[in-house]
Amino acid sequence: MVGYKRETELAFNAPGVVSSISVDAGDRVRRGQRLATLRRTSVGSNADEAAMARANAERDLARTQELFDRGFVSQARLDDARLAVERARDSSILTAPADGIILRRRAEQSQTVGAGASILALGEVGSGIVVRTPVASSQAARIRVGDSARVTIAEMGAALTGRVARVGAKGNDSTGAFEVEIEIAAPGDVRSGMVAEVEIAAAASAGDLAAILVPTLALLDARADQGVVFVVDAQNIARRRAVRTAGVTNDGVLVVEGLIAGDRVVSAGAAYVRDGEPVRIADAGA
């Protein structure tokens, strides 16, 4: 999926009623521009929350200023900390933290909102355009920051070049896939949310060089980089065996764990074979 490297949800740090929203999805905004205003509906705990937000922002600014003076952070980071203080001092005004494009508008005028509820989503144009794509764990292990990539966006009609900027440190809890982020030098008509097809030129690993190629039909119960094949033993008995894969080619599936050279794998009719069943080996010319 195509998106800005930094996409920020903007919110008030106090509850209230939205007095005005001056922007909509697709609008370009400048850093510090007023985007929305809030009419607070009560005082007391809200005032305490606002005071705490101001104190936190001011402490962060003091730390950032010290780091800036020592050369450890950029001018942009210092400017962000100063802007955060300005916003915290007047929580009834929502301003743009950077130059960008409004991606989504999540609230309307006169709507009651809670503290921290997203009002607008901002894509920071200065952060660049990236493509985020899920990659199976066996393939993620081969990918390195700096690897070149080819990105095809259907709406563009042409391929773009890019480079891998980040490989996720943790796989998705449901799928096991790792998120890979690819930076692209995109023309101005590329939009956040577009769908892209990605090819990454990852270096071959030692495991890939030692991979065993099996027919695609031989692999059963495939999920991420895991699967099952049936291996025929010396007595022509089918034995179920778990394997780990490293991808699919035009010639078959690359198996990097679970098989050794010389193993006989059931391909034709593998889906109908049961563990421990005798099988008949067809003649090569049959």
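The values are calculated or read from the model by the stated rules, or taken from the named source; none is laboratory data. Bear in mind the structure is a predicted one, so any value in this text is a computation, not a measurement. Glycine also receives a Cβ, built like all others from the backbone with ideal geometry; neighbour counts cover every protein chain displayed.
Table for the structure above
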read-out: Selection from region 241-263 of residues that are outside any strand (DSSP E or B) and without any contact (Cβ under 8 Å) to a residue 40 or more places away in the chain; value: ASN250, ASP251, GLY258, GLY262
read-out: All strands (runs of 3 or more DSSP E) inside region 127-177 with 2 or more residues being free of Cβ contacts under 8 Å to residues at least 24 places away in the same chain and of a type outside the set (Phe, Trp, Tyr); value: 158-167
read-out: Conditions (1) modelled with pLDDT of 85 or more; (2) touching a Ser or Thr at 6+ places or on another chain (Cβ under 8 Å); (3) among the hydrophobic types (A, V, I, L, M, F, W, C); (4) closer than 21 Å to GLN226 by Cα; number of the one not met by ALA141; value: (1)
read-out: Residue check for VAL195: of a type outside the set (Lys, Arg), surrounded by fewer than 16 Cβ atoms within 10 Å (Cβ to Cβ) and at pLDDT 85 or above; value: yes
read-out: Qualifying positions in region 95-134 - under 17 Å from ALA84 (Cβ atoms), in contact with a Leu (Cβ under 9 Å, 6 or more places away or on another chain) and aliphatic (A, V, I, L, M); value: ALA96, ALA98, ILE119, LEU120, LEU122
read-out: Verdict on GLY157 being exposed (fewer than 15 other Cβ atoms within 10 Å of the Cβ) and either of a type outside the set (Asp, Glu) or assigned by TED's automatic domain parsing to the domain that holds SER192 (or both); value: yes
read-out: Residue match in region 263-270 (condition: among the charged types (D, E, K, R), touching an Asp or Glu at 6+ places or on another chain (Cβ under 9 Å) and either at pLDDT 90 or above or surrounded by fewer than 17 Cβ atoms within 10 Å (Cβ to Cβ) (or both)); value: yes
read-out: Any hit, region 92-107, residues being under 27 Å from the mean Cα position of the chain (by Cα), acidic (Asp, Glu) and modelled with pLDDT of 90 or more; value: yes
read-out: Residue in region 39-46 that is modelled with pLDDT of 85 or more and in contact with a strand residue (DSSP E or B) (Cβ under 7 Å, 6 or more places away or on another chain) present; value: yes
read-out: For MET156: the one exception among (1) more than 18 Å from the chain's Cα centre (by Cα); (2) of a type in the set (A, V, I, L, M, F, W, C); (3) closer than 30 Å to SER19 by Cα; value: (3)
read-out: Selected residue (criterion: surrounded by the fewest Cβ atoms within 10 Å (Cβ to Cβ)) from residues of region 172-182 that are over 12 Å from the mean Cα position of the chain (by Cα) and of a type outside the set (S, T, N, Q); value: ASP173
